[in-house]
1. Mind listing the long-range amide H neighbours of L160? Cut-off is under 5 Å, sequence gap 5 or more, other chains count too, H placed in the peptide plane at 1.01 Å from N.
2. Could you compute Rg(Cα) / (2.2 N^0.38 Å) for region 53-200, with N its residue count?
3. Under the classification rounded if a/c is under 1.5, otherwise prolate if a/b is larger than b/c and oblate if not, where does region 103-171 fall, given a ≥ b ≥ c as square roots of the Cα gyration tensor eigenvalues?
4. All other residues with a Cβ under 14 Å from the Cβ of G71 taken together, and with Lys, Arg as +1 and Asp, Glu as -1, what is their net charge?
5. Could you give me the ³J(HN,Hα) list for region 210-215, computed from phi with Karplus coefficients 6.51, -1.76, 1.60 and θ = phi - 60°, whole Hz, x at Gly and Pro?
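Every number here is computed from the coordinates shown, using simple stated rules; none is lab data. On a predicted model such as this, the values are computed, not experimentally measured, just so you know. For neighbour counting, all protein chains shown are included, and Cβ atoms are generated from backbone atoms with ideal geometry for every residue, glycine included.
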Amino acid sequence: MMCMSRKLWIPIGAVAVLALIGAGGAYAYFFSGLRTSPSSLALSSPSASPSAASSAGGAGTWQITTGSLVGYRVTEQFVGQSSTHEAVARTSDVSGQVTITKTGTTYVMTSAKVTAQLASLASVDQVAGYNVTNRDRIVSQSLGVSAYPTAVFQAQSVTLPAGVETGQTVTVSVPGQLTIRGVTKDVTATVQLRVSGTTAQIAGSISTNMTDFGISPPSIGFTTVQPATTIEFSLNLAASA
């Protein structure tokens with residue numbers, strides 16, 4: 001009887017081991033081989049040749065319009081995986097304005113305010129076998145969206161590089177204050193700006209850390225999140241009448 005039991009348990013054990021190996025292989029396949037994240041937000045391709053920005057060379061007040069996006073990018077680490085994954089979420093519920101003035105031949109972004117509604121943040125990356133909308137719910141809770149529904153970036157005055165007045169793409173570091181979850185911190189945005197007639201585009205990013213705003217990195221069993229966070233944006237603007 002004992003001998004028969006041993007003979008019976010040996011193949012059962014072998015099957016169990018094979019099942020575990022198979023499960024591990026499937027896990028590696030789904031979470032390592034089938035993960036995709038969109039590229040960072042950027043300016044759209046420019047026209048064939050720069051044109052005069054406007055009669056005022058871009059000076060004036062510019063309103064954020066439809067098609068604008070703000071979002072975040074963080075690094076996730078799945079248990080048992082050596083490679084990391086970029087979790088990316090975005091919202092198109094964005095408002096604000098930018099003011100540019102001209103003194104002599106110098107153009108200055110005297111103010112800029114961007115407000116993003118956090119409740120509409122939605123993941124745009126993909127992880128096979130995982131519903132990323134579950135992450136959105138956890139992020140919403142971590143951000144305390146019910147009490148703090150917006151993230152706001154308020155820029156300080158900054159001189160714009162030469163070329164903005166002729167529709168060239170210019171790059172500038174913009175200092176300012178970022179407010180998330182009721183906490184305001186000094187940050188610097190790396191910004192690309194292009195003005196074309198009565199429209200303009202701004203794209204860029206802010207590197208920060210979620211713990212600076214009192215947000216603990218989410219951890220959901222098989223996934224941990226690194227605290228370093230990149231906030232990225234692509235803004236379409238129209239000159240105010």
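1. Placed amide hydrogens put Y107, V108, M109 under 5 Å from L160.
2. 1.24
3. Here region 103-171 falls in the oblate category.
4. Charge balance near G71 sits at -2.
5. Values per residue, Gly and Pro as x: 4, 5, 5, 9, x, 9 Hz.
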